[in-house]
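Data first, discussion second: the structure below is written as structure tokens.
The values are calculated or read from the model by the stated rules, or taken from the named source; none is laboratory data. Not measured: the values here are computed from a predicted model. Because the Cβ atoms are built from the backbone with ideal geometry, glycine has one as well, and the counts that use them run over all protein chains shown. Please note that ligands, DNA and RNA were not included when accessible areas were found on the heavy atoms of the full protein model with its side chains. Shrake-Rupley method; radii C 1.70, N 1.55, O 1.52, S 1.80 Å.
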Amino acid sequence: MGLPRMDDDFWLVNELNWFGHITPEGVDTALSGFDLTSEKNSRWFASKVREVFFSTVGTEEEIDEHPGQLAIRREIEAIADSIAETKRLFRERSGWAESVFRRYSKYDDWDDMPDWDAPTNKEPDALDQLDRDKDGWWVESSNTIAMGSSDWKRFREMVCGMLELESYLRAASDELCSRNDSPRWRATEKKKRRIGFAVELAAVYEEAYQREATVNSWPDQEGNPILGPWPDFFDRIARFALQIDKVPNLEGLLKKARRERLDKK
């Protein structure tokens with residue numbers, strides 16, 4: 001996600017418990033024995049790692065506690081369905097109920113006495129559209145009263161908000177909760193966030209060490225790949241910042257992150 005640039009002190013004095021463990025001392029420990037040296041100090045590293053952590057990872061507890069898109073979609077749909085039923089009841093309200101609403105709107109305390117013959121000259125709003133099948137006087141007089149009574153105008157605005165809320169909720173659900181959850185969606189989401197962490201941390205590495213964040217595949221004498229300084233740096237910082245014992249499929253993750261980073265350029 002895009003964030004405004006903050007200075008180092010902002011991230012170091014921030015007391016979010018998400019990254020309270022990411023301290024200059026912790027960075028020193030994580031990078032102890034690392035082959036490369038940098039002109040940047042541990043406060044700078046800690047600040048940058050906190051910033052990257054905040055913008056890409058957050059807290060994995062959030063993922064573990066997340067009920068899943070299907071559950072959230074069902075919750076939103078239940079709310080939207082209840083609003084739809086409320087809209088139906090409001091649409092079918094009687095003239096007796098409407099007269100109570102209008103009398104309650106400070107009939108005797110209008111800001112300006114309306115001109116009943118003056119055209120309202122306004123585009124139909126959600127309430128007008130809901131009441132379009134009622135007698136003309138119903139809609140026209142309601143708009144005329146709103147011209148003279150700020151209280152009735154506010155009532156109409158509240159009703160319009162209620163009427164428009166259903167479509168808003170359904171649109172949000174369709175866009176953000178449209179897919180069903182895979183059996184391993186939590187693991188997939190954690191992997192996605194770790195790739196994002198690698199994408200952003202690569203820029204920190206390059207600024208700190210003035211060299212490109214690349215992954216080698218050269219084998220050592222035993223045939224194991226020598227991935228290079230960037231994977232070593234990421235492995236150290238990721239295990240420290242994410243509080244994990246091992247980064248799963250380190251080489252694959254960093255190659256995926258590099259492809260994503262190149263795609264953004």
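Enumerate the helices (runs of 4 or more DSSP H) found wholly within segment 162-264, keeping only those where 3 or more residues are closer than 30 Å to GLY33 by Cβ and within 22 Å of the chain's Cα centre (by Cα).
Once the helices (runs of 4 or more DSSP H) in segment 162-264 are filtered for at least 3 residues that are closer than 30 Å to GLY33 by Cβ and within 22 Å of the chain's Cα centre (by Cα), what remains is 185-209, 250-264.
Report the residue count in segment 220-255 for those that are surrounded by 20 or more Cβ atoms within 10 Å (Cβ to Cβ) and not aliphatic (A, V, I, L, M).
Total satisfying the criteria: 4.
In segment 183-202, what residues are modelled with pLDDT under 85 and either touching a Leu at 6+ places or on another chain (Cβ under 6 Å) or open to solvent by less than 50 Å² (accessible area, probe 1.4 Å) (or both)?
Within segment 183-202, TRP185, ALA187, GLU189, LYS190 qualify.
Residue-by-condition table, conditions (1) touching a Ser or Thr at 6+ places or on another chain (Cβ under 9 Å); (2) modelled with pLDDT of 95 or more:
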{"position": "LEU227", "(1), (2)": "yes, no"}
{"position": "PHE233", "(1), (2)": "no, yes"}
{"position": "LEU242", "(1), (2)": "no, no"}
{"position": "ASP245", "(1), (2)": "no, no"}
{"position": "PRO248", "(1), (2)": "no, no"}
{"position": "GLU251", "(1), (2)": "yes, no"}
{"position": "ALA257", "(1), (2)": "no, no"}
{"position": "GLU260", "(1), (2)": "no, no"}
{"position": "ASP263", "(1), (2)": "no, no"}
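Within segment 50-94, take every residue that is at pLDDT 90 or above and small (Gly, Ala, Ser) and give me the one that is nearest to ALA187 (Cα to Cα).
ALA78
Of the residues that sit in segment 68-106 and are open to solvent by less than 80 Å² (accessible area, probe 1.4 Å) and in a loop (DSSP other than H, G, I, E, B), which one is nearest to ALA171 (Cα to Cα)?
For segment 68-106, the residue satisfying everything is GLY68.
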